[in-house]
Amino acid sequence: MNNVGKNIREDTVVIFVDIPETAGTCLRQIVQSQFQPYNVFEFYHLKTQPPKVLKGIEKYNNLSKAQKKAIKFVSGHVGFGLHEFLSRPCIYITILRDPVERVISYYYFLLRNQNNIVKDKTLREFVQTYGGVHNSMSCYLSGITFKTQLQNPSIYIKSKQFEQETLEKAKENLKNHFEVVGFIDRFDETCVLLKKILGWNFSSFYVKNNVSQRQNLVNNISKKTLNLIQEFNELDIQLYSYAQKIFAEMIEQQGASFIEDLYDFKLANQLGKNQFYFTIHSSYKRMAYKVYEKLC
């Protein structure tokens, strides 16, 4: 099976910059149907103390030559810059989400999981005190996050210290290094782009997991709190708008066939095409990934 597009080298590694609360779990589900466990290297469940990213790089470096050669996909909550540590040609993909919606969703995700970051904090207090939700997408995509992850991932630059160059660097990286920039609210289009640009051949049916009730997220938050979130994410709001233009260009470059492919993809999902097969196949894959992860 050809795992890369026509203009991408066969030995290329796809790096997925998985920004928290941007449908990363859903994409991982697709990746598991696309690749074998030994084709994927993940930074999610490394049993190490911070800085986990540096430990993950060390783990990758300790792999045998054959193991490294087999890897086709790398993912994790790791900022742009990982390619500098991989001795292979690399390309990036990512999925973005409305900045305000993402911050609210992240707060409730941490709350559900009883994370100490949000312990006894209101949403307003969380936004005011936790630097991890201050222009996070710009940080991830500009390279700032990766630099801090190599040292101390608990340290965040305060929002007011961000300069315009952070946004411009994120834009530059998106334009020059990302083969696919997708969106959570246009996930079907994102999937079709992955299939066409990267040459992926995954099942047309997928199941949305860990998806909050997005329509109610913003509606239940006070205007004052929404304004506060916007204030701390001014760069992300601009970046999101810029990325939407890139997304539109990517779709346009696919030509008229994209609309037809999208229609077929949506129809297959609506009808539950191959749902039984997909459920069995994805369950087997998840189990295989877990076993392989423990062995490694």
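Derivation of every value follows stated rules applied to the coordinates shown; laboratory data play no part. Owing to the predicted nature of the structure, the values given are computational and were not obtained by experimental measurement. Every residue, glycine as well, gets a Cβ built from its backbone with ideal geometry; the counts of neighbours run over all protein chains shown.
Which distance in nm do the two modelled labels at K147 and N176 give, with both placed 7 Å along the Cα-to-Cβ direction?
Taking the two extended label points, one gets 1.6 nm.
Please compute the length gained on full extension between L54 and K69, using 0.36 nm multiplied by the number of residues separating them and subtracting their Cα-Cα distance.
3.4 nm
Can you sort D188, D11, D98, D18 so the residue with the fewest Cβ neighbours within 10 Å comes first?
D11, D188, D98, D18
For K175, give me every one of the aspartates and glutamates with a C-alpha distance below 16 angstrom, ignoring sequence neighbours fewer than eight places off in its own chain.
E165, D236, E249, E252
Given 0.36 nm per residue, what is the gain on full extension from K223 to C90 after removing their alpha carbon distance, in nm?
That works out to 43.7 nm of additional length.
Residues with amide H under 5 Å of G182's amide H, sequence separation 5 or more or different chain, H placed in the peptide plane at 1.01 Å from N; which?
Sorted by chain and number, the residues that satisfy this are T94, I95, L96.
Equivalent ellipsoid semi-axes for segment 92-201, as square roots of 5 times the alpha carbon gyration tensor eigenvalues: give them largest first, rounded to whole Å.
Result for segment 92-201: semi-axes of 27, 19, 12 Å.
What list of ³J(HN,Hα) couplings, whole Hz, do you get for segment 113-125 from phi and the Karplus terms 6.51, -1.76, 1.60, once you set θ to phi - 60° and write x for glycine and proline?
Values per residue, Gly and Pro as x: 8, 6, 6, 5, 4, 10, 4, 6, 10, 7, 4, 4, 5 Hz.
Contour minus end-to-end for E252 and N39, with contour as 0.36 nm per residue of separation and end-to-end as the Cα-Cα distance?
Result: 73.6 nm gained on full extension.
Apply the Karplus curve 6.51 cos²θ - 1.76 cosθ + 1.60, θ = phi - 60°, to the phi angles in segment 65-82 and return the couplings in whole Hz, x for Gly and Pro.
4, 5, 5, 5, 5, 6, 6, 10, 9, 10, 8, x, 7, 10, x, 4, x, 4
From the alpha carbon gyration tensor of segment 43-108, can you work out the equivalent ellipsoid semi-axes (sqrt of 5 times each eigenvalue) and give them in Å, largest to smallest?
Over the Cα atoms of segment 43-108, the semi-axes work out to 27, 16, 9 Å.
Return the subset of K72/K195; K121/K223; K147/K196; K169/K245 for which the Cα-Cα distance in this structure is over 23 Å, preserving the input order.
K147/K196
How large is ³J(HN,Hα), in whole Hz, for each residue of segment 36-44 in order, when computed from phi with the Karplus curve 6.51 cos²θ - 1.76 cosθ + 1.60 and θ = phi - 60°, using x for Gly and Pro?
7, x, 6, 8, 10, 10, 10, 9, 6
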